[in-house]
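Remarks on the structure that follows.
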Amino acid sequence: MRWSVTRATSAALFAILTMVPAAEAGTIVGRATYRGTPPQPRRIHMTADPECDRLNPDGVSGQTVVVAPDGSLAGVVLSIKEGLDADLKYLVPATAAVLDQHRCMFSPHVLGIRVGQVLEIKNSDATMHSVHAAPASGNAFNVAMPMLDQVIKKKFDSREVAVRVKCDVHPWMSAYVAVVEHPFFAVSGSDGSYAIENVPPGTYTLEAWHEALGVQTSTSVKVGGDQPTELDFSFGGK
Amino acid sequence: MVSDPRRSVHNTARIAVVGSFLLILAGGLVTSRDAGLSVPDWPLAFGQLNPPGWWRIESIRTEHGHRIIAFAVALWMAFLGWRVYRLEDRTLARRLAAAGAAVVLIQALLGGLRVLRLSLDLAMVHGLVGQLFFALLCALAVVTAPEWETRERLPNTRRERCLTMGLVVTVILQLALGISIRHLGAAARPLAGTWLYYAHVGTAGLVLSVALDLNRGANATAKPSANTLLATIAAQIVLGIASFIVTESMAYDRQATMLQAWLPTLHVGCGAALLGASLTRCLHAWRESLMLPLPRRQVQRGGAV
């Protein structure tokens, strides 16, 4: 009972502290794209583990650079880099973010979480996995996950876009966890689109990060008013 | 028929050399397949002595297999140490056996700490100590040979002794550079701006020139071992070039192909063989200075020496 009251209070406080009046809050929307001819995705065959091979008999496509036929680029982390009031603190979500080891791949491949937020890492396969991460801030870990439905919980204590997470049992398995100190971030979907909502009015600089294509920083953009602010990022080729 | 205790100790040492060479190949394969951390705990594996199904998954098979071979070699080393202690009275053999027993324990701890502390630095030290352990066993096999004291004296000039010593040191340096290159992976590639590859190639040239020099000065007795040394160096250069070519085409987030795993592993094994051959040559060159027996004690078992 006491626990649920605490949770409810935390949730209310989170809502109060992070919400900006609807009339003032802004949204940043846009799309990440790839210029030119994208690299051919590598085919990953999982013969090194019979269980993974059974789950993916034809192999799977590599997830490093995922580009749709129209050039939309998935897996780009977009976050506000400059312009936020440094004195404002944002409550960390009480709900955990989930990184699943499913069919011998990490799902999702790119994930955004908050500094201090719980990350649940799950093994949904009937084979042995491990989870190995080495954040720049230290506290590297490598944990065995030999059991089906095993869950471990981890937290990251400083901003880092992005921490690479590997399974050392299966060399093709990797994911990236973007750890951000505020709630104003998003990861582009398979259509390349993203939306960062509930942004306080102001002028901001955004950063777009991709695991293989590098980092881009936007020019200053104004947020606020009725219309969302549009900001696109274009990566890659010639 | 009375067995010769020295011959039996020597044979035990020779088996240890073969075992530790296999261990080096197994360890090299762990690095080639980037499987060093695939079993995240130590001394257990996934919380067990022998995790079920470990043989089916390539990376776990590689790492856990390496641990099993290491355990067998450590046990054999303990047996060898005990036999040397009981049956040998030559100072050098007893010291080498004691050092071997100590190094195998240190090596096991280094391997465990490398896993528990996720340390790349310890992985590199572990790789080099493995090579030194192999060299130590080679030395023990050489000096426990019954003919060690009776073999025909080689014409060892001061220059030759210095050359053989220099060769051993250069090969160890060469191995240290190679181990660094393998563990640092993409960060050590020539275009990454590091000097490691260039130093590795440079010291290879130095090793070759010293071996050629030794070969030129060798008499009929020393010629076969000098030729073997040159042949090992030639094989090592070919394996090194082939390894460079196949690993340069390797994406580091994928499983290594058979060639990508085995060519660099054979390069590591050939490096160990080169170290063993160089050290053997060096020991023979320095033999007169090394024959410093302890006061003879009565051999306790297996007959008198």
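Of the residues B:GLY36, B:GLY65, which is more than 10 Å from every other protein chain (Cβ to nearest Cβ), surrounded by 15 or more Cβ atoms within 10 Å (Cβ to Cβ) and not aromatic (Phe, Trp, Tyr)?
None of the others qualify; the one that does is B:GLY65.
Could you tell me which residue of segment B:1-33 is nearest to the chain's Cα centre (by Cα), considering only residues that are of a type in the set (Lys, Arg) and away from every other protein chain (no Cβ under 13 Å)?
B:ARG14
Here is a yes/no grid of residues against (1) in a helix (DSSP H, G or I); (2) touching a residue at least 24 places away in the same chain (Cβ under 8 Å); (3) among the hydroxyl-bearing types (Ser, Thr, Tyr):
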position: A:PRO38; (1), (2), (3): no, yes, no
position: A:ARG54; (1), (2), (3): yes, no, no
position: A:PRO57; (1), (2), (3): no, no, no
position: A:LYS81; (1), (2), (3): no, yes, no
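Are any of the residues in segment B:122-138 touching a residue at least 60 places away in the same chain (Cβ under 8 Å), within 14 Å of chain A (Cβ to nearest Cβ) and open to solvent by less than 20 Å² (accessible area, probe 1.4 Å)?
yes
Going through segment A:151-203 one residue at a time, which ones are without any contact (Cβ under 8 Å) to a residue 40 or more places away in the chain, in a loop (DSSP other than H, G, I, E, B) and open to solvent by 50 Å² or more (accessible area, probe 1.4 Å)?
A:LYS155, the sole residue that qualifies.
I'm checking my understanding of the structure. Among residues of segment A:37-56 that are at pLDDT 95 or above and open to solvent by 20 Å² or more (accessible area, probe 1.4 Å), which one is nearest to the other protein chains (Cβ to nearest Cβ)?
Filtering first and then ranking leaves A:PRO50.
Testing A:LEU148 on (1) part of a loop (DSSP other than H, G, I, E, B); (2) away from every other protein chain (no Cβ under 14 Å), one condition comes back false. Which one is that?
(2)
So which residues in segment A:140-150 are of a type in the set (A, V, I, L, M) and either surrounded by 22 or more Cβ atoms within 10 Å (Cβ to Cβ) or in contact with a Pro (Cβ under 9 Å, 6 or more places away or on another chain) (or both), if there are any at all? First the steps, then the outcome.
Keep residues of segment A:140-150 that are of a type in the set (A, V, I, L, M), which gives A:140, A:143-145, A:147-148.
Once the filter is applied, which keeps residues that are of a type in the set (A, V, I, L, M) and either surrounded by 22 or more Cβ atoms within 10 Å (Cβ to Cβ) or in contact with a Pro (Cβ under 9 Å, 6 or more places away or on another chain) (or both), segment A:140-150 yields A:VAL143, A:ALA144, A:MET145.
Could you say whether any residue in segment B:205-217 is farther than 17 Å from B:CYS282 by Cα and in a helix (DSSP H, G or I)?
yes
Looking only at segment A:64-71, decide whether some residue is open to solvent by 80 Å² or more (accessible area, probe 1.4 Å), of a type in the set (D, E, K, R), modelled with pLDDT of 90 or more and closer than 21 Å to A:GLU207 by Cβ.
Checking segment A:64-71: not a single residue is open to solvent by 80 Å² or more (accessible area, probe 1.4 Å), of a type in the set (D, E, K, R), modelled with pLDDT of 90 or more and closer than 21 Å to A:GLU207 by Cβ.
If I ask for residues that are open to solvent by 40 Å² or more (accessible area, probe 1.4 Å) and either farther than 30 Å from B:LEU29 by Cβ or within 14 Å of chain A (Cβ to nearest Cβ) (or both), which ones from segment B:214-254 would you list?
Matches in segment B:214-254: B:ARG216, B:GLY217, B:ASN219, B:ALA220, B:THR221, B:LYS223, B:PRO224, B:SER249, B:TYR252, B:ARG254.
Under 16 Å from the mean Cα position of the chain (by Cα) and in a loop (DSSP other than H, G, I, E, B) - does that describe any residue in segment A:135-143?
Among the residues of segment A:135-143, at least one is under 16 Å from the mean Cα position of the chain (by Cα) and in a loop (DSSP other than H, G, I, E, B), which makes the answer yes.
The values are calculated or read from the model by the stated rules, or taken from the named source; none is laboratory data. Everything numeric here is computed off the predicted structure, so don't read it as measured data. Reconstructed Cβ throughout: ideal geometry from the backbone, glycine too, with neighbour counts over all protein chains shown. Accessible surface is based on the protein model in full, side chains and every heavy atom, while ligands, DNA and RNA are left aside. Shrake-Rupley method; radii C 1.70, N 1.55, O 1.52, S 1.80 Å.
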